[in-house]
1. Just checking, which of VAL100, VAL65, VAL82 is at pLDDT below 95, β-branched (Val, Ile, Thr) and out of contact with any helix residue (DSSP H, G or I) (no Cβ under 9 Å at 6 or more places or on another chain)?
2. Can you run down the residue pairs with Cβ atoms below 6 Å, 6 or more apart or on separate chains, where the first is in the range 44-59 and under 11 Å from GLU81 (Cα atoms) and the partner is surrounded by fewer than 18 Cβ atoms within 10 Å (Cβ to Cβ)?
3. Check off (1) surrounded by 19 or more Cβ atoms within 10 Å (Cβ to Cβ); (2) over 21 Å from VAL23 (Cα atoms) for LEU58 and give me the number that stays unchecked.
4. Sort out which residues of the range 106-138 are more than 19 Å from LEU40 (Cα to Cα) and either among the acidic types (Asp, Glu) or within 11 Å of the chain's Cα centre (by Cα) (or both), and write them in order of number.
5. Across the range 95-124, which residue is nearest to THR61 (Cα to Cα) among those that are among the β-branched types (Val, Ile, Thr) and loosely packed, with under 14 Cβ neighbours inside 10 Å?
6. Every residue in the range 32-62 that is more than 20 Å from VAL96 (Cβ to Cβ) and of a type in the set (Asp, Glu), please.
7. Considering only residues that are touching a Pro at 6+ places or on another chain (Cβ under 7 Å) and more than 17 Å from ASP62 (Cβ to Cβ), which ones fall in the range 82-94?
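The values are calculated or read from the model by the stated rules, or taken from the named source; none is laboratory data. Here the structure is a predicted model, which is why all the values come from computation and not from measurement. Note that we place each Cβ from the backbone using ideal geometry, even for glycine, and neighbour counts take in every protein chain shown.
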Amino acid sequence: MTVPHDPYLRPDAPARFVRHRPVTGTVVAVLAGSLSDRGLQLIPQPSRVLCQGEVHELIFTDEDVRPGMTVNRITYLGFFEVKQGGVAVVGDDVRVGGVVGQLAGFDETHAPNHLNLVLRGTGAVTGAAMRFSLGDRVTIGL
């Protein structure tokens, strides 16, 4: 059996996102904790569709990572429920209140239950330390 080739992984990919509406949601769980050896494997694809009603996890790293790489140093932020679905793309700003970080990639360890959305930035702290609250608005993009 041959595995189909994903044309969007090529450097000369035929489609690039020019515009996409933001994905919005609300925090449904606030997390605390960190690991230095998590071993999350980011999938090589730079985008994922997030559908209304789905719940996904937000994880933070200060490592310089991108799709296809392994992430070890992480802090846990929380879970959010998607209220307005759309396409999340690596490089999108992710906000819970102010900007928390930029989307670095997606990990499917717990799929189909949920995706891990890994955010990159500086000053790795947890959702609890950032004082996330249940119901806080989450915006991915724009």
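1. On the way: VAL65 fails: at pLDDT below 95; VAL82 fails: at pLDDT below 95.
Sole residue among the options that is at pLDDT below 95, β-branched (Val, Ile, Thr) and out of contact with any helix residue (DSSP H, G or I) (no Cβ under 9 Å at 6 or more places or on another chain): VAL100.
2. Matching pairs, first to second residue: LEU50/GLY85; CYS51/GLY85; GLN52/GLY85; VAL55/GLU81; VAL55/HIS114; HIS56/HIS114; GLU57/HIS114.
3. The single condition LEU58 does not satisfy is (2).
4. ASP136
5. Checking each candidate, the answer is THR122.
6. ASP37
7. Looking only at the range 82-94, we keep the residues that are touching a Pro at 6+ places or on another chain (Cβ under 7 Å), and these are 86, 89-90.
Residues satisfying the conditions are GLY86, VAL89.
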